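Asker: First, the structure itself, so that you have it in front of you.
The values are calculated or read from the model by the stated rules, or taken from the named source; none is laboratory data. These numbers were taken from a predicted model, which means no experiment stands behind them. Here Cβ is always computed from backbone atoms with ideal geometry, including for glycine, and neighbour counts include all displayed protein chains.
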Amino acid sequence: MDFDFDAVTRGDADAWQDFTDQTIRLVIASIRRVCPSGKTPYGDEIDDLVQAVYIKLLRNDSRLLRHYDPTKSGISTWITLIARSVAIDSLRRRTLDTRPMDDASGAVSPQEQVAPIGPVIPTHILTARQRLILTMLFEDDMDVAEVAEGLNVNPQTIRSTKHKAMERLRAYFKGESGGDVPREPDVQSEDRI
C-alpha cells in the first residue's frame, strides 16, 4: 500500500481518499468473512459496515489512526482487525425482534418451551482483557501471534493472559460443583497489557 499515512492522520482530504481507495477491498473482504451472505441477520448491509469501519477510524479526533504503530503490525493486519471487530460488534450488539406469545401463530406450549441458557462464560469472572483475548483466540479463530500483533503486545503476554483466564474459569466451574470459589479478578493488574 502506497499512501502518506502522516497526511491521513493530519486530515488531508487527498491522502484520506488514497487511504480509503487502497484499503476498501481489504475492509470488504474482512467483513465478508464475518458476514458471508453480505448482510448481518439484522439487516446491516456490507456498505453500512464498511462505512462504520471508516467512521471508527475517524472517531475521537482520529484516535485509532494516530495510535497506529507500523513497527508493531502491518497496515493490512491492523485494518483487518478493525474491520472484523466492527462486523463482530454489529452482530453482538443487536437483539432479535420479539413479540408477545399471544401474537405467535403455532406457539409452543409452556411445557414444551426450553429455558434459555445463560452465558457460557460468566462475565464477572474474567477481566475485559481476558474476555477479549479468549474471544479472539476461540471465537475468531486467531492464533496467538495474530492476537499479539493485533493488540500490539508480545505473544507471551497473550499466552500468559489466556492461561490466567483459563485458571479462573476452571476454579469458577470447580466451585460450582462443590470446590473452592475463585477470588474476584484483579482488574487493575490484568488489564494493563
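Asker: Given the criteria outside any loop (DSSP other than H, G, I, E, B), closer than 26 Å to V53 by Cα and modelled with pLDDT under 85, does F173 qualify?
Answerer: No.
Asker: Okay, moving on. Being modelled with pLDDT of 60 or more and either in a helix (DSSP H, G or I) or of a type in the set (A, V, I, L, M, F, W, C) (or both), is that true of even one residue in segment 99-116?
Answerer: Checked against the condition, which is being modelled with pLDDT of 60 or more and either in a helix (DSSP H, G or I) or of a type in the set (A, V, I, L, M, F, W, C) (or both), segment 99-116 yields no hits at all.
Asker: Could you please give the count of residues in segment 126-162 that are among the β-branched types (V, I, T) and at pLDDT below 85? Working first, answer last.
Answerer: Residues of segment 126-162 that are among the β-branched types (V, I, T), as a first pass: 127, 133, 135, 144, 147, 153, 157-158, 161.
Narrowing further to those that are at pLDDT below 85: 135.
Number of matching residues: 1.
Asker: Among the residues of segment 53-74, count how many are in a loop (DSSP other than H, G, I, E, B), surrounded by 11 or more Cβ atoms within 10 Å (Cβ to Cβ) and without any contact (Cβ under 8 Å) to a residue 12 or more places away in the chain.
Answerer: Qualifying residue count, segment 53-74: 1.
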